[in-house]
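The values are calculated or read from the model by the stated rules, or taken from the named source; none is laboratory data. Since this is a predicted model, take the numbers as computed values, not measurements. Because the Cβ atoms are built from the backbone with ideal geometry, glycine has one as well, and the counts that use them run over all protein chains shown. SASA here: full protein model, heavy atoms, side chains in, ligands and nucleic acids out. Shrake-Rupley method; radii C 1.70, N 1.55, O 1.52, S 1.80 Å.
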Amino acid sequence: MHSWRAALLRFDDQGQALHEPDGLLVTGPGPSGARIVVAAGSHAELTPRFAGVPCTHLPGRLLAPGFIDMHVHYPQLDVIGSPAEGLLPWLNDYTFPHESQFSDPAHAAEVASFFCDELMRHGVTTALTFATSHPASVDALFTEAQKRRLRLITGKVLQDRHSPDGVRDQTAQSLADTEALIQKWHGVDRLGYAITPRFAPSSTEEQLRGAGELAAAYPSIWIQSHVAENLDEIAWARALFPDARSYLSIYADHGLMRERAVYAHCIHFHDDDRALMRDTATAAAVCPTSNLFLGSGFFDFAGAERVPFAHGLASDVGGGTSFSPFVTMRAAYFAGREGQTKPGISLPPERLWWLHTAGAARALGLQGVVGNLQPGCEADFVVLNPQATPLLARRTSQANSLAELLFAMIVLGDDRVVERTIIA
Ligand SMILES: [Zn+2]
């Protein structure tokens, strides 16, 4: 066992933030080999029980759950910051040419290694990420995540139409490749597989139906895709699937909405779409830096509380502009504030933080596994320095509450705040 003494942030089962200014986090080996949280709470209360356990004392630091990125594209590492008119030109001019290079295992391995290091440098300890349509891209990322003992979920992209040569796959082969990758990787160490149709317009009915059949055959795997990001994309999806009630319902019609299904964006929704998300226990990955960058619109946080469905935060790199959870939480605050196209609300800092940790874990079906520092959780956590920059030190020294401390870090923080990332 090992213990860590510092300020401590965690969440109760209702999502309320719990703060110990002088806390103790005790970790030890869990049943599956990964280190877990044995105890977390106030130092004064816990220290008699764990008197003989070696302790790392980190004065002035905040221990917090590792962040969870609910939607990111590892092959788009080199697409980040590419100038484009909007989503569809951005895909054709930058994304697809880059992704076509991932048929080369050496290229995939190099990018996957950099990607995993970059996640950890930013304090992200769990990610649900797209690969490309090439099975080699999935093998490369799982291999690198396994080396680092990261909890990571990915899958081969399915796109058998409306996609250029180099990334387009073949219907029957794509489904056979998916099943082989599920059997090879799902549940190995901390790795999980996600069935990954790129989005409805780039899959045939047959491919979507096959994906839904695999989702039914393997209920513990994840499903990930995109929906309702952009008005042109919605019009295109509606034209291709004229019988569907809405763009979202195309996925339901093909057996692709259930627990552990995660759809990125979910911006242009009606309440019947929100109800479909709620009723199928499907989750949204909210990607505010990407939505601002591509001018797609603003996720309606008030709508997602009015007709409540699971949601959490995501970077969506390379449409997103940063791996940093602080930048994502800041952008989510701005997106929530926007009050011209939807109700504008001021999201509390504890809520933003929860949406990127314990709330994201709940949305992924990993509640009690990651995203929190309660006993039994896998011990993925970050050591944060609220004095990392002169302005941050000045501002956080004047914080009189947890909300003020967290909000100062959200508004002013970046990778410099993350002093260490500790993986189970
Ligand atoms: Zn995306």
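Looking across segment 64-100, the residues that are crowded, with 18+ Cβ neighbours inside 10 Å, among the polar types (S, T, N, Q) and farther than 27 Å from Val382 by Cα come down to Thr95, Ser100.
Kindly establish whether Arg121 is in contact (Cβ under 8 Å) with a residue 60 or more places away in the chain and either on the phi > 0 side of the Ramachandran plot or out of contact with any Leu (no Cβ under 9 Å at 6 or more places or on another chain) (or both). Spelling it out, Arg121 is indeed in contact (Cβ under 8 Å) with a residue 60 or more places away in the chain and either on the phi > 0 side of the Ramachandran plot or out of contact with any Leu (no Cβ under 9 Å at 6 or more places or on another chain) (or both). You will find that of Arg5, Arg61, Arg49, the residue that is surrounded by 18 or more Cβ atoms within 10 Å (Cβ to Cβ), free of Cβ contacts under 8 Å to residues at least 60 places away in the same chain and of a type in the set (Lys, Arg) is Arg5 and no other. The set of residues in segment 219-248 that are among the hydroxyl-bearing types (Ser, Thr, Tyr) and either within 12 Å of the ligand (Cβ to nearest atom) or buried (at least 18 other Cβ atoms within 10 Å of the Cβ) (or both) comprises Ser225, Ser246, Tyr247. For Pro164, the conditions (1) open to solvent by 10 Å² or more (accessible area, probe 1.4 Å); (2) closer than 30 Å to Ile36 by Cα are fulfilled apart from (2). Once segment 283-313 is narrowed to residues that are part of a loop (DSSP other than H, G, I, E, B) and out of contact with any helix residue (DSSP H, G or I) (no Cβ under 7 Å at 6 or more places or on another chain), the residue that is nearest to the ligand (Cβ to nearest atom) is Cys287. Being out of contact with any helix residue (DSSP H, G or I) (no Cβ under 6 Å at 6 or more places or on another chain) and open to solvent by less than 20 Å² (accessible area, probe 1.4 Å) is the filter here, so list the residues in segment 355-377 that pass it. Matches in segment 355-377: Leu355, Thr357, Ala358, Gly359, Ala360, Ala361, Ala363, Leu364, Leu366, Leu373, Cys377. Of all the criteria given as (1) assigned to a loop (DSSP other than H, G, I, E, B); (2) open to solvent by less than 10 Å² (accessible area, probe 1.4 Å), the one not satisfied by Ala127 is (1).
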